[in-house]
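The values are calculated or read from the model by the stated rules, or taken from the named source; none is laboratory data. Predicted model, so just to flag it, every value in this text is computed and none were measured. We place every Cβ from the backbone using ideal geometry, glycine too, and count neighbours over all the protein chains shown. The area values use the complete protein model at the heavy-atom level, side chains included, leaving out ligands, DNA and RNA. Shrake-Rupley method; radii C 1.70, N 1.55, O 1.52, S 1.80 Å.
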Amino acid sequence: MSVPSTPSKRLTLDTATTPTTSRVAATSSTVHSSPHYQTTRRHSLYGTEDRIVIDPGSRIWKVGFSGEGRPRDVFFGDGQDGVPLWGLTRATNQLDREEEDRALQAMLQERLRAVFHDSLLTDPKSRRVIVIEHPLLPLYIKDMMARILFTNLQVPFVSFAPSHLLSLLAVGRITGLVLDCGHLESAVLPIFASRPLFHHLKTTPLAGARLTEHIRSLVLLFGKYTPPPPALPAPRSAAAIQRQTSVPAEALTNAVVEEIKTRVCLVGKAFELSAEDSRPSQQQHVTPYHASSNDDVIDVDHPSSDAAQSESEFSRVSMDVDSPAPGSRVASSSYSMVSIEDSQGTSSSHLGEHGGSQVLADLYKRHSTASDIKMPVAPPASSGGLGRGVLMIPGWIRERAAEVLFDGGDVDEVSVAEVILESLLKVPVDLRKTMASAILVVGGTPMMPGFIPRLHAEIARALAIPSSPQPQPSKNRKARPRPPPYDRYAPLRQLLPHFAILNNPDPPKAEKVSGPSQKKSTAAGKAPAFTPACMAWVGGSLAGSLKTGGVEIPREKWEEADVREEVETEDGAVTTVPSSPTSQVYNKVLPDWTRGPLPIGAPAANAHVQAQA
Amino acid sequence: MSAPSLKIYCPCLDPNSLPPPPNLPSSSHSYHEIHDLYFCEECDLIRCNRCVSVEVSGYYCPNCLFEVPSASVRGEKNRCARNCFLCPSCKNTLIVVPSDPPESADGRIMTINTLGDPPFFLYCSHCRWDSAEVGITFEKPTSLANQLQKHEDSAPDSLEFERLKEHFEPFIRASSASSSASHHLRTAQHVHSNPITAAASDALSRDVPGVSKYNPLSRSRVGRDKSNRDEMPEYRSRMDVSLTGSDTANVQHLLMIESPDEIATLEQRWINSWTSSVLVNDLKPLRIPLHSKKSKRCPTCRHILIKPEQKPQSVRFKIKIAATGYLPLMAISLPFLNNNLATTAKRSTRPGATWEEDRNSPSINPVMFGGRTYPFVLSFTNPMYDPIQIRINALRSPVSTTTVQTDETGPAQPEKRRPPFAITLPTYAFSVAAFAEAWEYDEDDDMIEDEHADLVDDRRHASASTNSGPARGGKAKTVGVLEKKANTTFIGGEVVIGKEAQGDVKFLTMVTFTYRNDTVDEVDLGDEDGDGSPVRTTNPSSSVLGGANKQPEIRTFSYYVVVDLGRIAQRNVEGSIDERR
């Protein structure tokens, strides 16, 4: 149970000694945050009440002790290759899947052991552990983590807490709409009175991984690369130094793209298209997005192809200015991925692709002010040369690469702003205003400067009234009136003045005059300035120090439920029973919201006793 | 490919099954070098770094080698509390330097003050970062961490955190009080709650962590005064995110940078839970994280496997039960790679394989070619003071594993494929003489070679190979016991590579060795081998428990070794090179 067992004596003591000056409170509490540590648990390094908070992401892990304001250690959970620990898909083949699971289990074990032994330097056997879980963390991974924690590390208690709720705690609230924009997915979860409304969860795959691929594609297409000078004896070095070439794909390793993303990219302000930008054109080509098609070097010397042909690819932007034709929303999604065609692709699509992205580049170039930068990169191994090459990244890529996250219209991959609205649509009507006025944005991707203000602008844009009602009036159709354009978010339009992102570092102030009630968006920007990426961890630390870290599963209970495997290990060493941990039998001890909110039938009369036990 | 290697299987990852096929990528986590392994005498099992339970036996700073008492480890957040700092840019150790002396023109004032002049700062001798740039200077050159402590204690994240705690504590206390009350006097108190809300509340609080029970009393009270639906007052943060202004500043900076070096990397920033500047100029020096001395125990029987000496300066161990002291040290060599006389002498025995081709192959790595036969030599070195009998048994790798082999570009029916190579190893037991210190100095190899009779060595010509390799027992010996030298025995084996074979030549071998145990330990031995495939079978003729038995106990220990011989090249040398690149 999550009921804290500490007597209230301690709490009163804390509140008594920390009346006004928070500095005194902090200095006393950073040394030891629990007073009984000094008296009773002298021998142990940390009080047993201090829990270990692990925020395991598919890429980045944050670990630390509860009661502290920042994680002790942050590290890449994946290897150096940048491949996340788990993805959105699993292998379909049985053998491949078993292999995948074995590899995952081995890596998880490595990471979890490193958490205790390398990062925190503590003994796992006396530590309670809070694992911060994403609501959509696959059960098999959760099960795997619990199994490693219980059996390999012999942790006494493990509890799982949903990351969205903990993030909300970190801003001092228990009600709100939390957008977690991570690496694999962006997920929105409304939470009311600390109850996550899991069934109103909405996700979109537009997140960090997609942004990384987009940056890679853009740099491959529009970046320039200066190879390092060849070895000194080479006679024609002077000529070679000056030559800028297209970016070789080998030079653009995962690490380089990651560095571009985390170091030099930002999210530019929303821009309105000028008139010459937005000549509508009805042609479009849908280019499939190749996630892994970066092997070929593309010649960047584009033929200056017809720009008008693919201008509709950014019709989303134009739509906002003048008018959305009903179909243009769908059409707009086609530019979302500037993808690199395989060189074997048909030449026509190749040209078209280049033309489209060139138009896109011109458009972005007009609307960006960021400076071009030169970035030293290691040259590809085959090219030779001394030193490092130089990668020239145009400023518009830095500023506008994140446009891919805000590019909505696709029904399957709604934009980051639209996914908030989608979730709001599912929330019961009487909660919508509450939720809309308490949006919290967490995760690693919102760490990009400018992300959150832009998100607010995008929400407002998505809710904007479709201005000129019939831009392309039915000319020669019948007199029958055209149906109004599909306006998915019309029910939410009333809420527009109420939208507030709690941790918006730059909340809109004066522009709310148009709204009828501008006093409502007061919560915007009022959250403490924890970074979005650490918000869930800080919440976990807070929950741990408040001793409400969720339902704790004791190890005995796990082992009890796990007795089937235990029996098998008893009977001889080289058994042939194929009971690997990758089997689909999950331990039912782990609580999870997907296991059904209510048991079948009425709860037993002593349900609370069971829950407490 | 790397050199041929031998790795030993530890069954901890998947204790119930046979060792995974060695050519699976995931299996690399199950196989370890012998130097990384421990051996639990009680359980009679191999233990690896993945399964031992680790305990911290001491903390120390890796820079000043100060042994930090564990009482202060927590308060200092696992970091050195003395003068040790890391450069935030390059992770080099910072040094404390004084300011420039006031009048340096004379060149004479260098020795006036040995400590230097008061504004001290930290300086990186590698990248020339200095802490004065970020406004950190010190009055004294000692106990810098203490002087910085004030900064850290007033860090906005910890202050805000305390405030959050204060904010939630009354709420948690109230809810816990009400929920505990509801446990005791459930029906009496909550007259408003009907069974349905009770059930829903119960289920919710069970499923939703950190949630109090639905409390109709407080709920209705809150509902009456309409103050807040959350049943808790609004939190007023100490410092709003909108007031920090760092995000807009960061945007402005980023728009104008000229080089990515102006911006701190993700790794330099991600520990900060408080929004801060992204500029590299604003990075603060880092206190050096402590290291720990770890002692490791067997996960089942809790016996210590390795325990370091307490002093940080010492690199010795008080207890060290490594596998190298218990298992014969195996080594492998591929004689066709060695340009020595021994291999050239044996070359004629290999049909179809010309040494010159191998040696002139463009790759210096051990590359084997399909359709040929290669000998290899395994050496076993006995670390124990008793002679041992070893029997090795190459396992035929399961056929299905070739389907998941990564670099397998083979035919379209991979399930039907046989392993692309066949291993021939002697199947009879051979002896390895005991270790003796005298051999460290003595060249007389065959001193006690025949002290105990090699009863089984005469069966060498019955070497039924585990895989159907060509039997050529009559020729010059490549399979069998090649040589015995001191406590090392050399065993020859052969690998026959199929014509179309590709990939790595990796195979599993079960090594079983029998030894006499002189030290009679009193624990019951039969029950500990529950979770491991290394099996110990006690010889039934010798009673284990009887203290009266004079004859030493014969024990058997077996474990799995994966032998990696190298990579098979394609027949077409050029093609293979292209493929590998």
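Things worth noting here:
- Sites A:Arg488 and B:Ile271, calculated FRET efficiency, Cβ-Cβ separation with R0 30 Å, nearest 0.05: 0.15
- The stretch between B:Ala132 and B:Ala249, if pulled fully straight at 0.36 nm per residue, gains 39.9 nm over its current Cα-Cα span.
- Chain B packed on chain A takes about 10400 Å² of accessible surface away from a 1.4 Å probe, both sides summed.
- Computed FRET value (nearest 0.05) for B:Glu309 with B:Glu258, which takes r as the C-beta separation and R₀ as 56 Å: 0.60
- Residue-span extension gain [B:Glu234 to B:Asn393] - 0.36 nm each, minus C-alpha spacing: 50.1 nm
- Distance violations [Cα-Cα > 30 Å] among A:Lys557/B:Lys506; B:Lys77/B:Lys318; A:Lys588/B:Lys294; A:Lys62/A:Lys526: A:Lys557/B:Lys506; A:Lys588/B:Lys294
- Note on A:367-377: average number of Cβ atoms from other chains within 10 Å of each residue's Cβ is 3.
- Taking every residue in A:414-422 and counting other chain Cβ atoms within 10 Å of its Cβ, the average works out to 0.
- Distance between the 7 Å Cα→Cβ label points at B:Asp282 and B:Ser125: 3.2 nm.
- Modelled FRET efficiency - R0 41 Å, A:Glu559 with A:Leu88, Cβ distances, 0.05 increments: 0.80
- Inter-site label distance for B:Tyr385 and B:Ala436 at 7 Å from Cα along Cβ, in nm: 1.3
- Here the stretch B:1-77 is described by how far its Cα atoms reach on the three principal axes: 47, 35, 21 Å, from widest to narrowest.
- Peptides B:37-47, B:283-293, B:253-263 ranked from most to least packed, by the mean per-residue count of other Cβ atoms within 10 Å: B:37-47, B:283-293, B:253-263.
- Sorting B:52-64, B:298-310 by average packing, meaning the other beta carbons within 10 Å per residue, from highest down gives B:52-64, B:298-310.
- Shielding by other protein chains, B:73-79, mean Cβ within 10 Å: 5
- If a spin label sat at a point 7 angstrom from the Cα of A:Thr594 along the line to its beta carbon, the backbone N atoms of the stretch A:92-130 nearer than 16 Å would be those of A:92, A:101.
- Between B:Thr93 and B:Cys87, the built amide H atoms are under 5 Å apart, and every one of these is 5 or more places off in sequence or on another chain.
- Simple label model, 7 Å out from Cα along Cβ direction - B:Ser143 to A:Ile465, nm: 6.9
- Ordering of B:325-335, A:106-116 by packing [mean C-beta count within 10 Å, highest first]: A:106-116, B:325-335
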